[in-house]
Amino acid sequence: MKKKNSASLRDAFTLVEMLVVIAMLGLLMGSAANGISQAKKQAKITRAHAEMRELVNAWLAYEQAYDDWPIPSNAQSEEGILATESNLKELIGQGDDGMVYLNAPMTAGSGGRAFRDPWGTPYRYRIIEVSTSDSQDDNTFEASIAFPNRHLGWR
(Lines give C-alpha, C1' and ligand atoms only; values in the text may rest on other atoms or scores of the structure.)
Protein backbone atom coordinates (compact mmCIF):
# COMPACT_ATOMS: atom_id res chain seq x y z
CA MET A 1 0.00 0.00 0.00
CA LYS A 2 2.81 2.35 0.74
CA LYS A 3 4.17 1.92 -2.77
CA LYS A 4 0.88 3.03 -4.37
CA ASN A 5 0.76 6.27 -2.35
CA SER A 6 4.36 7.18 -3.11
CA ALA A 7 3.86 6.43 -6.82
CA SER A 8 0.77 8.64 -7.05
CA LEU A 9 2.57 11.49 -5.26
CA ARG A 10 5.44 11.39 -7.75
CA ASP A 11 3.01 11.74 -10.69
CA ALA A 12 1.24 14.82 -9.27
CA PHE A 13 2.25 18.50 -9.66
CA THR A 14 3.38 20.36 -6.59
CA LEU A 15 1.88 23.68 -5.56
CA VAL A 16 5.07 25.52 -6.55
CA GLU A 17 5.05 24.01 -10.03
CA MET A 18 1.43 25.01 -10.50
CA LEU A 19 2.15 28.57 -9.36
CA VAL A 20 5.11 28.83 -11.77
CA VAL A 21 2.93 27.69 -14.67
CA ILE A 22 0.17 30.15 -13.74
CA ALA A 23 2.70 33.00 -13.45
CA MET A 24 4.15 32.21 -16.88
CA LEU A 25 0.68 32.13 -18.41
CA GLY A 26 -0.09 35.47 -16.77
CA LEU A 27 3.05 37.05 -18.25
CA LEU A 28 2.23 35.74 -21.71
CA MET A 29 -1.35 37.01 -21.49
CA GLY A 30 -0.17 40.41 -20.27
CA SER A 31 2.25 40.86 -23.15
CA ALA A 32 -0.41 39.74 -25.65
CA ALA A 33 -2.95 42.18 -24.20
CA ASN A 34 -0.41 45.01 -24.44
CA GLY A 35 0.27 44.20 -28.09
CA ILE A 36 -3.43 44.09 -28.87
CA SER A 37 -4.08 47.43 -27.18
CA GLN A 38 -1.21 49.04 -29.10
CA ALA A 39 -2.59 47.64 -32.37
CA LYS A 40 -6.07 49.01 -31.55
CA LYS A 41 -4.62 52.44 -30.79
CA GLN A 42 -2.68 52.46 -34.06
CA ALA A 43 -5.79 51.35 -35.96
CA LYS A 44 -7.77 54.29 -34.53
CA ILE A 45 -5.03 56.73 -35.52
CA THR A 46 -4.90 55.27 -39.03
CA ARG A 47 -8.69 55.52 -39.33
CA ALA A 48 -8.61 59.15 -38.18
CA HIS A 49 -5.95 59.97 -40.78
CA ALA A 50 -8.07 58.33 -43.49
CA GLU A 51 -11.17 60.25 -42.40
CA MET A 52 -9.26 63.53 -42.41
CA ARG A 53 -8.00 62.78 -45.91
CA GLU A 54 -11.61 62.09 -46.92
CA LEU A 55 -12.71 65.46 -45.51
CA VAL A 56 -9.92 67.30 -47.35
CA ASN A 57 -10.78 65.47 -50.58
CA ALA A 58 -14.42 66.56 -50.15
CA TRP A 59 -13.30 70.17 -49.76
CA LEU A 60 -11.09 69.89 -52.84
CA ALA A 61 -13.92 68.33 -54.88
CA TYR A 62 -16.27 71.13 -53.84
CA GLU A 63 -13.62 73.74 -54.64
CA GLN A 64 -13.03 72.14 -58.07
CA ALA A 65 -16.76 72.19 -58.81
CA TYR A 66 -17.47 75.77 -57.66
CA ASP A 67 -14.05 77.45 -57.63
CA ASP A 68 -14.79 78.40 -54.03
CA TRP A 69 -14.61 76.78 -50.59
CA PRO A 70 -17.66 76.02 -48.41
CA ILE A 71 -16.72 78.31 -45.54
CA PRO A 72 -19.18 78.85 -42.68
CA SER A 73 -18.88 82.29 -41.11
CA ASN A 74 -17.18 80.91 -37.99
CA ALA A 75 -14.71 78.62 -39.83
CA GLN A 76 -11.89 81.15 -39.56
CA SER A 77 -11.74 81.18 -35.77
CA GLU A 78 -8.37 80.29 -34.24
CA GLU A 79 -9.59 77.21 -32.34
CA GLY A 80 -11.57 75.90 -35.31
CA ILE A 81 -15.16 74.76 -35.46
CA LEU A 82 -16.77 71.39 -34.93
CA ALA A 83 -17.46 69.28 -38.01
CA THR A 84 -21.21 69.17 -37.40
CA GLU A 85 -23.97 68.43 -39.87
CA SER A 86 -24.91 72.11 -40.15
CA ASN A 87 -21.30 73.25 -40.69
CA LEU A 88 -20.67 70.61 -43.38
CA LYS A 89 -24.08 70.81 -45.08
CA GLU A 90 -22.63 71.75 -48.49
CA LEU A 91 -20.33 68.73 -48.40
CA ILE A 92 -22.87 66.11 -47.25
CA GLY A 93 -25.56 66.94 -49.77
CA GLN A 94 -27.74 69.38 -47.84
CA GLY A 95 -26.56 72.44 -49.72
CA ASP A 96 -28.21 74.18 -52.65
CA ASP A 97 -26.93 71.71 -55.25
CA GLY A 98 -27.71 68.52 -53.29
CA MET A 99 -24.39 66.94 -54.35
CA VAL A 100 -22.63 64.66 -51.84
CA TYR A 101 -18.91 65.41 -51.56
CA LEU A 102 -18.35 63.86 -48.12
CA ASN A 103 -19.78 60.39 -47.69
CA ALA A 104 -19.18 60.08 -43.96
CA PRO A 105 -21.30 58.77 -41.11
CA MET A 106 -22.70 61.51 -38.91
CA THR A 107 -23.36 60.35 -35.35
CA ALA A 108 -25.45 62.03 -32.70
CA GLY A 109 -23.92 63.52 -29.59
CA SER A 110 -24.26 66.40 -27.16
CA GLY A 111 -23.54 68.98 -29.89
CA GLY A 112 -25.90 67.41 -32.42
CA ARG A 113 -25.01 65.16 -35.34
CA ALA A 114 -21.35 65.44 -36.28
CA PHE A 115 -18.50 63.81 -38.19
CA ARG A 116 -16.64 62.21 -35.27
CA ASP A 117 -13.17 60.77 -34.83
CA PRO A 118 -12.67 57.14 -33.65
CA TRP A 119 -12.68 58.35 -30.02
CA GLY A 120 -16.15 59.91 -30.41
CA THR A 121 -15.10 63.59 -30.48
CA PRO A 122 -16.24 65.75 -33.41
CA TYR A 123 -13.41 66.76 -35.70
CA ARG A 124 -12.45 70.43 -35.55
CA TYR A 125 -11.50 72.23 -38.70
CA ARG A 126 -10.37 75.66 -39.70
CA ILE A 127 -10.28 77.27 -43.14
CA ILE A 128 -8.37 80.50 -43.60
CA GLU A 129 -8.40 82.60 -46.74
CA VAL A 130 -4.85 83.59 -47.60
CA SER A 131 -4.50 86.60 -49.88
CA THR A 132 -1.67 86.07 -52.35
CA SER A 133 -2.11 89.30 -54.31
CA ASP A 134 -4.32 92.34 -54.70
CA SER A 135 -6.64 90.43 -57.02
CA GLN A 136 -9.49 88.47 -55.43
CA ASP A 137 -9.06 85.68 -58.01
CA ASP A 138 -5.59 84.82 -56.77
CA ASN A 139 -6.61 84.04 -53.18
CA THR A 140 -5.90 80.59 -51.81
CA PHE A 141 -7.22 78.80 -48.78
CA GLU A 142 -5.44 77.01 -46.00
CA ALA A 143 -7.31 74.22 -44.22
CA SER A 144 -6.40 72.27 -41.12
CA ILE A 145 -8.14 69.49 -39.24
CA ALA A 146 -7.40 68.33 -35.72
CA PHE A 147 -8.18 65.31 -33.59
CA PRO A 148 -6.92 64.48 -30.06
CA ASN A 149 -3.13 64.87 -29.73
CA ARG A 150 -2.70 65.15 -33.47
CA HIS A 151 -2.72 68.00 -35.97
CA LEU A 152 -2.42 67.84 -39.74
CA GLY A 153 -2.54 70.71 -42.16
CA TRP A 154 -3.03 70.86 -45.91
CA ARG A 155 -2.56 73.74 -48.25
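The values are calculated or read from the model by the stated rules, or taken from the named source; none is laboratory data. What you see is a predicted model, and the numbers here were worked out from it, not measured in a lab. As a convention, Cβ positions derive from the backbone with ideal geometry for all residues, glycine included, and neighbour counts pool all protein chains shown.
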Out of Ala33, Ala61, report the one residue that is exposed (fewer than 12 other Cβ atoms within 10 Å of the Cβ), outside any loop (DSSP other than H, G, I, E, B) and modelled with pLDDT of 85 or more.
Ala33
Tell me, which residue of the stretch 80-98 that is part of a loop (DSSP other than H, G, I, E, B) and either aromatic (Phe, Trp, Tyr) or touching a residue at least 40 places away in the same chain (Cβ under 8 Å) (or both) is surrounded by the most Cβ atoms within 10 Å (Cβ to Cβ)?
Ala83
Single residue of Leu91, Leu102, Leu152 found to be out of contact with any Asp or Glu (no Cβ under 6 Å at 6 or more places or on another chain), at pLDDT below 85 and of a type in the set (A, V, I, L, M, F, W, C):
Leu152
Exactly one of Ser110, Ser144 is assigned to a strand (DSSP E or B) and at pLDDT below 85, and that residue is Ser144
Inter-residue pairs, beta-carbon under 7 Å, first over 13 Å from Tyr123 (Cα atoms) and in the stretch 99-111, second not hydrophobic (A, V, I, L, M, F, W, C), 6+ apart
Met99/Gly93; Val100/Gly93; Tyr101/Tyr62; Leu102/Glu54
